[in-house]
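A.B. asks: Quick one: the structure is below, questions incoming.
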Amino acid sequence: MLHRRLYQFFIVYGIGICSLFSIKYILNLSDYVIPSPIEVWLTAVDVFMRYSVNVLDTLSVAIIGHVLSIFMAIVVGIIARLTTGIGTLIKIAAFNIQAYPIVAVAPIIFILLGDGLASRLLIASMICYFPLLLSILGILTQPVSDIEHFFQMTGRMTWQLEVKIRIFENISKLIMVITGSATLAMVGTIVAEFIAANAGIGYTIRIALYQSDLAKILVALFIIGISTSIYLVCLEWMGHMLQKKWEG
Amino acid sequence: MKNFLKKLIPLAMVVFMVIAISSCGQKNGSSSVDPINYRLKWLFNISSAGDLWADVNGHFQRQGLTVNIKPGGPERDAIRELELGRAHFGVASADQVIRAVSKGSPVVVLVQLFQINPLQWIYRPQHVTIESPEDLTSKNIGITFGGNDETIMRALLSKYQIGENEVNFFSVRYDYTPFYKGDVDLWPIYRNAQAVIIGKRLQEANDPIAFFDPHSAGIRFVANSVVTTQKMLKDHPETVKKFTQALVSAWIEAMDPTNTEKVIEAVHHFDPDTSPEIIVEQLKITRDLTIPFGDFEKGGQFFGKIDLAAWKETENMMLNQQLIHAPVNIEQYLNVWD
């Protein structure tokens, strides 16, 4: 599973970087616009370790933010599956808040919480939370009629049982949604660091941009891609194990 | 599946390249340059007063040129746009120019807009006393890591033999809260732009402000200049000359105190979020930074002068801080007009 993910990433990254180099040489652009392959290599040798540590810092915040989002989305999703006023309100709020561009809201968060861990965590959570919540809502509000009908008729249906049935019946979909939202958590953390934090790979990319150093950015993107691929594989593996356990 | 991938990968590369290449404009000098695209360094504000004045008062039209002035921004890089053929002229800071030259970019400097770098550090004299650079010792100094304020501050500390471990650097971003709260003693600011706005706010709160100016401490780091490509200069020398003349004459007019009211109106039209009361203050300071040669009557004609010594000093600072790996002989890229 891991090697397939990495292989896919290397293909995408390779296509991207080869195309960039082709454009550079076709249009005869200087190293200022697009760095040469040698410059990218030398930069990679120079900054790889330091950037890897920065990416791990970002990834750790993204993972914590992702876990918080999953937890919150499941709790809120369970409440919002009710066809009561609260349920409807939560659904409408989720749709509306998701429509706000986080880049516009982020500076306010940084003013309130400063540029430390809390802001990065909150923004990472916000970016992956709302899409996650909407997907989980979709799963939890969809009755599994043929199974639920039996428990309803026999008067043994409880809300816990209802949630369990719906999760069990949609476990593959749920794992896919959670895995997919992991990339959003990573993106959210990088966006937060890019805007105002003082740590992580987003902050490092910001500095490289100030220095107009595209080679550093290409190296950062490579490490981000590998790390995200590994995280996605871990999630898929955990989902696979969970599924196997549940299905006996 | 493997066969499919083998076909898909080259196809994806070709599609990507076709899109990218077609989105690049015509390379400068390949044919006519009408209309001319002029990319500024920052959003429309007082630092582009002369550029906007040229547009409003038909300076380019009188030279037979059609010019689109495009605002810059944090992610815009005029030099890259010149190379990609999306712009014919642009505004870039000296550190951008020197970095670009060090990486083989065929850029030429035409006009130096600011004779004194507007980048200074704001502080509160009630909390901090800065009478000489030595007073920076043990202060919390805001810098943008990777920005030119970092280069200037490090050069200043080095010049006055203040160890970097004797000051505390604070990473600065968009939010001024750490300065307002007093967590940071000195905050980097553009003297002719945000400084007027922030200063007014603090003075209204009875909190006096002062500025630490690296230029007066002997650090000459060149700020914004107008640039083009060597190819543009070679293939269209007349266009370059006309553009430069139009721009310089417009800047001189815009800095002329007799035109103050009309300039404020022009800048406010493009920058409606800044009030005319603020712009009038900004304009005074901009005049002092662009024409610091005594009064306007005597000094106006020297607007745009390329300060060769300051450019060399800027190059040396960048070299000493290893922001470039070898000398670039920047004087070869400065186009000094008669």
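A.B. asks: So what J values fall out for region B:254-270 if you push phi through Karplus, 6.51 cos²θ - 1.76 cosθ + 1.60 with θ = phi - 60°, rounded to Hz, Gly and Pro as x?
C.D. replies: Ordered by residue, 3J(HN,Hα) equals 5, 8, 5, x, 5, 9, 3, 4, 5, 5, 4, 4, 5, 5, 5, 4, 8 Hz.
A.B. asks: Can you tell which of A:Gln142, A:Val67, A:Asn28 lies farthest toward the positive end of the dipole of region A:2-246, using +1 and -1 charges on the Cβ of basic and acidic side chains (Lys, Arg; Asp, Glu)?
C.D. replies: The residue sitting farthest along the positive end of the dipole is A:Gln142.
A.B. asks: Which whole number gives the average count of other chain Cβ atoms within 10 Å of the Cβ atoms across peptide A:22-35?
C.D. replies: Per residue, the average neighbour count from other chains is 6.
A.B. asks: Starting from the amide H of B:Arg86, placed 1.01 Å from N in the peptide plane, find each other amide H under 5 Å away whose residue is 5 or more places distant or on another chain.
C.D. replies: B:Gly25
A.B. asks: Suppose each label sits 7 Å from its Cα in the direction of the beta carbon; what would the B:Thr137-B:Glu238 distance come out to in nanometres?
C.D. replies: Output for this residue pair reads 6.3 nm.
A.B. asks: Let me ask something else. In this model, which of B:Lys103/B:Lys298; A:Lys216/B:Lys305; B:Lys70/B:Lys159; B:Lys159/B:Lys241; B:Lys242/B:Lys312; B:Lys159/B:Lys262 are farther than 31 Å apart at the alpha-carbon?
C.D. replies: Values: B:Lys103/B:Lys298 39 Å; A:Lys216/B:Lys305 35 Å; B:Lys70/B:Lys159 38 Å; B:Lys159/B:Lys241 39 Å; B:Lys242/B:Lys312 28 Å; B:Lys159/B:Lys262 42 Å.
Violating the 31 Å limit, Cα to Cα: B:Lys103/B:Lys298; A:Lys216/B:Lys305; B:Lys70/B:Lys159; B:Lys159/B:Lys241; B:Lys159/B:Lys262.
A.B. asks: Also, I was wondering about something else. Averaged over its residues, how many other protein chain Cβ atoms are within 10 Å of peptide A:206-216's Cβ atoms?
C.D. replies: Shielding by partners across A:206-216 averages 5.
A.B. asks: Given Cβ point charges of +1 (Lys, Arg) and -1 (Asp, Glu) and nothing else, what value in debye, to the nearest 20, does the dipole of chain B about its Cα centre take?
C.D. replies: 1600 debye
A.B. asks: Mind ordering B:141-147, B:62-68 by average Cβ neighbours within 10 Å, highest first?
C.D. replies: Working: B:141-147: 20.4, B:62-68: 15.4.
Ranking, from highest mean packing down: B:141-147, B:62-68.
A.B. asks: Given the DSSP H assignment, sum -39500 (n - 2.57) over each helix run of at least 4 residues in the protein assembly as shown and divide by its residue total; what's the result at 222 nm in deg cm²/dmol, nearest 500?
C.D. replies: Rounded to the nearest 500, it is -19500 deg cm²/dmol.
A.B. asks: Based on the Kirkwood radius over alpha-carbon pairs, what is the Stokes-Einstein translational diffusion coefficient of chain A at 37 °C with 0.692 mPa s viscosity, in µm²/s?
C.D. replies: 161 µm²/s
A.B. asks: Considering the Cα positions of chain B, please state its Rg to one decimal place and its Dmax as a whole number of Å.
C.D. replies: Radius of gyration, then largest Cα-Cα span, for chain B: 21.7, 76 Å.
A.B. asks: With every protein chain left in place, what is the accessible area per residue of region A:2-246 in square angstrom, probe 1.4 Å?
C.D. replies: 49 Å²
A.B. asks: Under a 5 Å amide H to amide H cut-off, with H placed in plane at 1.01 Å, what residues pair with B:Val111 once short-range neighbours are removed?
C.D. replies: B:Val226
A.B. asks: Going Cα to Cα from B:Lys181, which lysines come in below 19 Å? Please leave out same-chain ones fewer than 8 positions away.
C.D. replies: Partners found: B:Lys139, B:Lys200.
A.B. asks: Which of these, B:Lys200, B:Lys41, B:Lys181, has the largest mean-square fluctuation under a Gaussian network model of chain B (Cα springs below 10 Å)?
C.D. replies: Ranking B:Lys200, B:Lys41, B:Lys181 by mean-square fluctuation puts B:Lys181 first.
A.B. asks: Helix A:171-195 versus the longest principal axis of chain A: what is the Cα-based angle in degrees, 0 to 90, to the nearest 10?
C.D. replies: 40 degrees
A.B. asks: Of the options B:Ile162, B:Tyr174, B:Val33, report the single residue whose Cα projects farthest towards the positive end of the charge dipole of chain B (beta-carbon charges: Lys, Arg +1; Asp, Glu -1).
C.D. replies: B:Val33
A.B. asks: For region B:303-315, take each phi angle, set θ = phi - 60°, evaluate the Karplus expression 6.51 cos²θ - 1.76 cosθ + 1.60, and give the result in whole Hz per residue in order, putting x for glycine and proline.
C.D. replies: Using θ = phi - 60°, the values come out as 4, x, 4, 8, 8, 4, 4, 5, 5, 5, 5, 4, 4 Hz.
A.B. asks: Still on this structure, I have one more. Compute, for the protein assembly as shown, the length of the dipole vector about the Cα centre, with Cβ point charges of +1 (Lys, Arg) and -1 (Asp, Glu) only. Units Debye, rounded to 20.
C.D. replies: 2280 debye
A.B. asks: Additional query: With every protein chain in place, what's the accessible area of B:Val280 (1.4 Å probe, Å², nearest 10)?
C.D. replies: About 50 Å², rounded to the nearest 10.
A.B. asks: On each of the three principal axes of the Cα atoms of region B:119-212, give max minus min coordinate, whole Å, ordered largest first.
C.D. replies: 37, 26, 22
A.B. asks: Let me ask you something else. Restricting to Cα atoms and excluding each atom paired with itself, what does the Kirkwood estimate give for the protein assembly as shown in Å?
C.D. replies: This gives a value of 27.2 Å.
A.B. asks: Which order do you get for B:His59, B:His127, B:His236, A:His240 if you rank them by accessible area with a 1.4 Å probe, largest at the top?
C.D. replies: Greatest to least solvent exposure: B:His127, A:His240, B:His236, B:His59.
A.B. asks: I've got another one for you. Can you compute the charge dipole magnitude of chain A about its Cα centre, using +1 on each Lys and Arg Cβ and -1 on each Asp and Glu Cβ, nothing else charged? Give it in debye, rounded to the nearest 20. Intermediate values should be presented prior to the final figure.
C.D. replies: On the way: 15 positive and 13 negative charges, 85 e Å.
Taking the Cα centre of chain A as origin, the dipole is about 400 debye.
A.B. asks: Something else: How do A:Phe130, A:Phe168, B:Phe179 rank by accessible surface area computed with a 1.4 Å probe, from largest to smallest?
C.D. replies: Highest to lowest solvent-accessible surface, that is A:Phe168, A:Phe130, B:Phe179.
A.B. asks: What percentage of the solvent-accessible surface of region A:2-246, computed with a 1.4 Å probe over protein heavy atoms, is contributed by carbon and sulfur atoms?
C.D. replies: After summing per-atom areas, the C and S share lands at 74 percent.
A.B. asks: Another question about this same structure. Pop out the carbon and sulfur fraction of the accessible area of region B:119-212 as a percent, whole number, probe 1.4 Å.
C.D. replies: Numbers: 1870 of 4160 Å².
So the carbon and sulfur contribution to the accessible surface is 45 percent.
The values are calculated or read from the model by the stated rules, or taken from the named source; none is laboratory data. None of these values were measured; they are calculated from a predicted model. When we count neighbours, we look across all protein chains shown, and the Cβ atoms used for this are built from the backbone with ideal geometry, even at glycine. Please note that ligands, DNA and RNA were not included when accessible areas were found on the heavy atoms of the full protein model with its side chains. Shrake-Rupley method; radii C 1.70, N 1.55, O 1.52, S 1.80 Å.
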